[in-house]
């Protein structure tokens, strides 16, 4: 049986999100995660090698689910504008609903080791590919300017969403993140359309 599919694995991951969000990664003791998950300290080591493994597993699971949700929503036969709009909205709404996860992804993961960042980039590759596909479709259908470089465009798209969420986290998540969806969508759409549209 795959340990990742067990309820206890999910319990530990959710506890880790909570503890890391509250205390910061460096002060998030495995014993605190165990207490939050309602398991013995030793139980955690049946599922994870160490604290760094917990952090990357957390990111792989949570971001994997996050990206999968967006992918499913973009599979419908909708216009490229609607795909862009949905992606922006889902990015913000999913993090708005899980503020602790937003704190972990926006702040704590940035302080991780280069090896850890390499594994994080592996997870993000799927998401960036999804963004790139939207840009390619937009160019192919004549909605976006042919001058848009899809690699640069996906960086701009991800960077914009990422910065808006980071700013929200830095302001203690005090306002509705989803309210930023429409202006961010319009900004990206107009940027990709270019001056000739």
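For the range 138-197, the tally of residues that are in a loop (DSSP other than H, G, I, E, B) and over 22 Å from the mean Cα position of the chain (by Cα) stands at 13.
Please specify each residue of the range 164-187 satisfying the condition of being under 23 Å from residue 144 (Cα atoms) and either surrounded by fewer than 16 Cβ atoms within 10 Å (Cβ to Cβ) or not assigned by TED's automatic domain parsing to the domain that holds residue 81 (or both). Passing the criteria: 182, 183, 186, 187.
One residue is enough: does the range 81-92 have a residue meeting the conditions buried (at least 20 other Cβ atoms within 10 Å of the Cβ), touching a residue at least 24 places away in the same chain (Cβ under 8 Å), within 15 Å of residue 126 (Cβ to Cβ) and out of contact with any strand residue (DSSP E or B) (no Cβ under 7 Å at 6 or more places or on another chain)? There is at least one residue in the range 81-92 that is buried (at least 20 other Cβ atoms within 10 Å of the Cβ), touching a residue at least 24 places away in the same chain (Cβ under 8 Å), within 15 Å of residue 126 (Cβ to Cβ) and out of contact with any strand residue (DSSP E or B) (no Cβ under 7 Å at 6 or more places or on another chain).
So, of the residues in the range 1-19 that are touching a helix residue (DSSP H, G or I) at 6+ places or on another chain (Cβ under 6 Å) and at pLDDT 90 or above, which turns out to be nearest to residue 58 (Cα to Cα)? By that ranking, first place goes to 13.
Checked against the criterion of being more than 23 Å from residue 56 (Cα to Cα), touching a helix residue (DSSP H, G or I) at 6+ places or on another chain (Cβ under 7 Å) and part of a helix (DSSP H, G or I), the candidates 120, 135 yield just one match: 135.
Restricting the search to the range 138-154, which residues are in contact (Cβ under 8 Å) with a residue 40 or more places away in the chain and in contact with a helix residue (DSSP H, G or I) (Cβ under 8 Å, 6 or more places away or on another chain)? 138, 141, 143, 144, 145, 148, listed by residue number. The condition of being in the same structural domain as residue 101 (by TED's automatic domain parsing), crowded, with 16+ Cβ neighbours inside 10 Å and part of a helix (DSSP H, G or I) holds for residue 62.
Of the residues making up the range 104-116, those that are surrounded by fewer than 20 Cβ atoms within 10 Å (Cβ to Cβ) and in a helix (DSSP H, G or I) are 106, 107, 109, 110, 111, 114, 115, 116. Selection over the range 27-44 of residues that are surrounded by fewer than 18 Cβ atoms within 10 Å (Cβ to Cβ) and either outside any helix (DSSP H, G or I) or in the same structural domain as residue 119 (by TED's automatic domain parsing) (or both) gives a count of 4. Within the set 55, 46, the sole residue that is in contact (Cβ under 8 Å) with a residue 40 or more places away in the chain and over 23 Å from the mean Cα position of the chain (by Cα) turns out to be 46.
The values are calculated or read from the model by the stated rules, or taken from the named source; none is laboratory data. Note that the structure is a prediction, hence the values are computed from the model and not measured. Please note: Cβ atoms are built from the backbone with ideal geometry, for glycine as well, and neighbour counts cover all protein chains shown.
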